[in-house]
Amino acid sequence: MEDELVIRICIADALRNVGFEVVEASTADEALTIINGGTPIHLVFTDVRMPGTMDGIALISLLRKMRPELKLAVASGYSPDWPSPNLVDAFVGKPYDVARAVNRIKALLECA
């Protein structure tokens, strides 16, 4: 989940190119609608700063409680600073190195 369209398209296309099915969302609210709608989701990759009623940290905090089996990855241009080191499965720094981000996501899903 990325609110910046060009960045979201770039990461989504890179993931599709290595065989992943990608569902995109531009806000946490949109992501929750998709997840609660029954679409099979195995991993959520979100930016920390997101528009809408909740940011990426609030979203992954909620998802960790609702769906503890989900793999959760977060991206930020700032160093990670959250209440629990167990909240996320991976941190991806910004600006993105697309290949590195894809490899982190692949590694998370392969160990699932």
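Observations on the model:
- Taken as a whole, region 20-39 holds at least one residue that is closer than 20 Å to Asn103 by Cβ and among the hydrophobic types (A, V, I, L, M, F, W, C).
- Long-range neighbours under 8 Å by Cβ, at least six apart or interchain, first residue within 19 Å of Leu15 (Cβ to Cβ) within region 41-53, second open to solvent by 20 Å² or more (accessible area, probe 1.4 Å) and polar (S, T, N, Q): Met50/Thr27
- Residues (touching a strand residue (DSSP E or B) at 6+ places or on another chain (Cβ under 7 Å) and modelled with pLDDT of 90 or more) located in region 102-112: Arg104, Ile105, Leu108, Leu109
The values are calculated or read from the model by the stated rules, or taken from the named source; none is laboratory data. None of these values were measured; they are calculated from a predicted model. Because the Cβ atoms are built from the backbone with ideal geometry, glycine has one as well, and the counts that use them run over all protein chains shown. Ligands, DNA and RNA are excluded from the accessible area calculation, which covers all protein heavy atoms including side chains. Shrake-Rupley method; radii C 1.70, N 1.55, O 1.52, S 1.80 Å.
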